[in-house]
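Enquirer: Provided herewith is a single structure, encoded as structure tokens, for subsequent inquiry.
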Amino acid sequence: MKKKIAIITGITGQDGSYLAELLLKKKYIVHGLKRRSSLFNTERIDHLMLDRNIFQNKNFFLHHADMTDSSSINYLISKIKPDEIYNLAAQSHVAVSFEQPEYTANSDALGPLRILEAIKNLNLIKKTKFYQASTSELYGNSDKKFQDETTKFSPSSPYATAKLYAHWTTINYRESYGIFAVNGILFNHESPRRGETFVSRKIIIGLTKIKLGLQDYMTIGNLEASRDWGHAIDYVEMMWKMLQQKTPEDFVISTGKTYTVRQFINYACKYLSIKILWQGEGLNEYCIDRSTGKKIIVVDKKHFRPNEVHYLRGRSKQAQKKLKWKPKYNFKKIIEEMVDSELKRFK
Ligand code: NAP
Ligand code: G4F
């Protein structure tokens with residue numbers, strides 16, 4: 001059988017690296033788009049590049065391209081003529097989007113538009129399916145206990161407004177031109193490969209270093225923000241499944257459970273056998289290690305955002321029914337895997 005060909009934008013990121021592994025296991029030919037950087041940025045996919053079987057069989061290719069550069073995107077899509085495009089590339093940090101709103105809009109809103117225009121203009125409408133990495137951030141501060149495909153969007157950051165443009169553009173190109181284009185509205189998903197400035201990985205790195213005596217304390221922002229935390233490995237499989245459906249449809253992927261940043265810290269400390277005590281309030285709150293009496297976590301207002309999304313909790317009934325969605329990881333298992341990975345790295 002002819003091998004399927006996929007393009008993954010954002011292949012050097014957390015999700016891109018796991019998705020590349022999945023597609024290679026499924027015998028795809030994978031073309032990854034990476035942007036130029038002054039230092040190597042392929043740490044998460046180096047193992048694939050070094051795998052002789054994958055490279056010798058000519059199943060895995062990397063190309064330079066940037067979401068802000070139409071010419072590189074057009075050129076690669078016209079040359080590769082993929083069966084599937086997974087658009088995972090984005091300036092994906094919500095806090096950073098307040099500092100770089102224009103760049104975030106260029107890469108996260110116009111980037112997907114550039115890909116969809118290429119599919120349309122290169123006569124690939126019948127051939128190329130498109131996956132857009134949409135996000136639970138679109139819901140902003142929804143007043144619903146659970147958010148699903150019917151919940152009203154209320155984006156509250158430059159990141160979310162850019163992603164909302166991409167979300168509707170994806171639907172618009174599906175309805176206007178018949179492109180098989182779908183949005184995966186994914187809630188937060190973590191892993192040992194999560195970027196180091198997202199709260200989950202930041203907490204785990206900080207606490208592991210504190211446990212090993214490599215660091216005295218760490219700073220943190222809003223402890224009460226509540227997120228629906230899943231594992232990236234479970235979530236990339238759903239991206240693939242969405243493109244294997246008979247008809248294009250948008251899906252919410254979430255665990256249905258929500259935990260605060262404080263609960264995340266509490267469980268990570270428990271797993272690391274650090275006995276803690278929270279003291280103070282609001283911006284003066286901190287956490288001490290009971291065995292030493294020393295402050296190990298201190299709230300710092302520099303980590304608060306101009307606008308916060310306080311509560312996210314998804315409902316994935318459609319995905320359960322149609323994609324057979326059933327996550328293998330739960331909240332505790334994610335934290336345990338992340339801690340074990342960091343302990344291994346620092347020891
Ligand atoms: P990530 O680790 O931050 O990866 C983002 C990827 O995009 C990286 O490969 C990055 O390259 C690349 N990139 C950034 N700007 C680019 C540009 N202008 N041109 C080309 N490539 C660019 O993000 P992730 O967690 O894997 O998330 C994947 C996608 O899902 C993102 O679109 C994100 O917004 C979305 N999403 C994520 C979550 C989540 O919880 N993880 C939830 C919902 C939606 P470098 O490696 O060079 O930085
Ligand atoms: O880990 P975060 O930075 O992720 P956030 O903002 O929820 O966004 C992530 O998930 C979205 C899906 O809902 C994706 F679309 C997006 O690309 C990204 O992957 O922050 C989580 C929560 C926030 O409420 C934040 O205010 O943690 C709070 N927080 C508290 N202290 C902190 C910190 N966040 C960060 N990054 N750093 C802190 O020190």
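The values are calculated or read from the model by the stated rules, or taken from the named source; none is laboratory data. Note that the coordinates shown come from a computational prediction; the quantities given were computed from them, not determined experimentally. Here the Cβ is made from the backbone with ideal geometry for all residues, glycine too, and neighbour counts use every protein chain on show. The accessibility values were calculated without ligands, DNA or RNA, using every heavy atom of the protein model including side chains. Shrake-Rupley method; radii C 1.70, N 1.55, O 1.52, S 1.80 Å.
Enquirer: Quick check on my filter: what residues within segment 7-22 are farther than 12 Å from T42 by Cα and either in contact (Cβ under 8 Å) with a residue 60 or more places away in the chain or surrounded by fewer than 24 Cβ atoms within 10 Å (Cβ to Cβ) (or both)?
Expert: Within segment 7-22, I7, I8, T9, D15, Y18, L19, E21, L22 qualify.
Enquirer: Right, next: Would you mind finding the one in K127, K145 that is open to solvent by 10 Å² or more (accessible area, probe 1.4 Å), outside any helix (DSSP H, G or I) and farther than 22 Å from V252 by Cα? Step through it out loud before you land on a result.
Expert: Details: K145 fails: farther than 22 Å from V252 by Cα.
Sole residue among the options that is open to solvent by 10 Å² or more (accessible area, probe 1.4 Å), outside any helix (DSSP H, G or I) and farther than 22 Å from V252 by Cα: K127.
Each row is one residue, and each column tells you yes or no for (1) within 18 Å of H231 (Cα to Cα); (2) surrounded by 13 or more Cβ atoms within 10 Å (Cβ to Cβ).
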{"position": "V252", "(1), (2)": "yes, yes"}
{"position": "L283", "(1), (2)": "no, no"}
{"position": "D289", "(1), (2)": "no, yes"}
{"position": "K294", "(1), (2)": "no, no"}
{"position": "K301", "(1), (2)": "no, no"}
{"position": "R305", "(1), (2)": "no, yes"}
{"position": "G314", "(1), (2)": "yes, yes"}
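Residues are listed down the side, and each one gets a yes or a no for (1) more than 12 Å from ligand 2 (Cβ to nearest atom); (2) out of contact with any Asp or Glu (no Cβ under 9 Å at 6 or more places or on another chain); (3) not in a helix (DSSP H, G or I):
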| position | (1), (2), (3) |
| --- | --- |
| A162 | no, no, no |
| T170 | yes, no, no |
| S176 | yes, yes, no |
| G184 | no, no, yes |
| G206 | no, yes, no |
| G213 | yes, yes, yes |
| N222 | no, no, yes |
